[in-house]
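Undergrad: I'd like to ask you about the structure that follows.
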Amino acid sequence: MSKKLLRKDLAEQAQQILEACPLIPVISIQQPEHALPLAQALVDGGLRVLEVTLRTPHGLKAIREMRQAFPQVWVGAGTVLDPEQFDQAVEHGAQFVITPGITRKLLKHGLEAEVPLVPGIATVSELMEGVALGYRHFKFFPAEVAGGVAALKSFAGPLPEVRFCPTGGIRKETAKDYLTLENVCAVGGTWLTPADAVQASDWGQITEIAKASLEALP
Ligand code: 3PG
């Protein structure tokens, strides 16, 4: 019996999304009324891919609202921990799903899902699990503590065809170090949505951070 592999269209879509914008904000909605103005501020700052985490109870509704209000950008779900959350995210309109790590269940679930899964890995062994199922695009998390730029350079030795979106500890000043690597499509992080600015509804500041972060890239 032949082994099931990731559908080709899902792999292509993962690539398209991760190549749509070099910076991906990792968004946690603490107050539901923040979802739309925050997304607007990020879009105004030039960002085109929004990762809304399911770390708060407002994540799913925020995904639905952002999808409706911003048809020109990619809106996906982050911090997805199991297949049930994966399906809920898709039902709410998520166009991609990102997980902090892998489980066999999640990897299998992503093979024939409606939207691409970008599994999170921190080691070569985890990477090999995903690659064996046909995945080629991964989140590298937590990037800075799991070896950062040096680790990604090392991954390129045995697995040169794999592409990454590193997140975890990356900031405006360090994003460029990752993006100069051939195996990095985009980097993500929460520095693009500082909690104090969001809490103060300082949307202008959010737009400025996004713009300055894009300008700091090579
Ligand atoms: C993630 O889920 O990608 C991380 O929480 C982002 O890490 P950061 O807060 O260090 O940017």
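The values are calculated or read from the model by the stated rules, or taken from the named source; none is laboratory data. Model, not experiment: these values are computed from the prediction. Glycine also receives a Cβ, built like all others from the backbone with ideal geometry; neighbour counts cover every protein chain displayed. Note: areas computed on protein heavy atoms with side chains; ligands, DNA, RNA excluded. Shrake-Rupley method; radii C 1.70, N 1.55, O 1.52, S 1.80 Å.
Undergrad: Taking segment 189-212, which residues are assigned to a loop (DSSP other than H, G, I, E, B) and either under 20 Å from the mean Cα position of the chain (by Cα) or hydrophobic (A, V, I, L, M, F, W, C) (or both)?
TA: Listed by number, the residues that qualify are 190, 191, 192, 193, 194, 200.
Undergrad: In the set 142, 116, which member is within 17 Å of the chain's Cα centre (by Cα) and in contact (Cβ under 8 Å) with a residue 40 or more places away in the chain?
TA: Only one candidate qualifies: 116.
Undergrad: So residue 203 clears everything in (1) aromatic (Phe, Trp, Tyr); (2) over 20 Å from residue 53 (Cα atoms); (3) more than 16 Å from the ligand (Cβ to nearest atom) except one condition, right? Which one?
TA: So the condition that residue 203 fails would be (2).
Undergrad: Continuing with this model, one more query. Determine whether residue 107 is open to solvent by less than 20 Å² (accessible area, probe 1.4 Å) and either within 16 Å of residue 78 (Cα to Cα) or outside any helix (DSSP H, G or I) (or both).
TA: yes
Undergrad: Just to verify a result, which residue in segment 118-136, among those that are within 16 Å of the ligand (Cβ to nearest atom) and open to solvent by 10 Å² or more (accessible area, probe 1.4 Å), is nearest to residue 171 (Cα to Cα)?
TA: Checked segment 118-136; the qualifying residue nearest to residue 171 (Cα to Cα) is 122.
Undergrad: Answer yes or no as to whether residue 42 is in a helix (DSSP H, G or I), farther than 20 Å from residue 175 by Cα and either open to solvent by less than 10 Å² (accessible area, probe 1.4 Å) or at pLDDT below 95 (or both).
TA: In short, no.
Undergrad: Which of the residues spanning segment 123-159 are in contact with a Gly (Cβ under 7 Å, 6 or more places away or on another chain) and assigned to a loop (DSSP other than H, G, I, E, B)?
TA: Listed by number, the residues that qualify are 141, 142, 143, 144, 145.
Undergrad: Cβ-Cβ distance below 6 Å, separation of 6 or more or different chains: which pairs start in segment 174-191 with a residue that is near the ligand (Cβ under 10 Å from one of its atoms) and end on one that is part of a strand (DSSP E or B)?
TA: So the pair list comes out as 187/166; 188/24; 188/26; 188/165; 188/167; 189/26; 189/167; 190/26.
Undergrad: Quick one: in segment 160-173, of everything that is open to solvent by 70 Å² or more (accessible area, probe 1.4 Å) and part of a loop (DSSP other than H, G, I, E, B), which residue is nearest to the ligand (Cβ to nearest atom)?
TA: Among residues in segment 160-173 that are open to solvent by 70 Å² or more (accessible area, probe 1.4 Å) and part of a loop (DSSP other than H, G, I, E, B), the one nearest to the ligand (Cβ to nearest atom) is 171.
Undergrad: Does residue 47 fit the bill of being crowded, with 21+ Cβ neighbours inside 10 Å and hydrophobic (A, V, I, L, M, F, W, C)?
TA: So residue 47 fits the description; yes.
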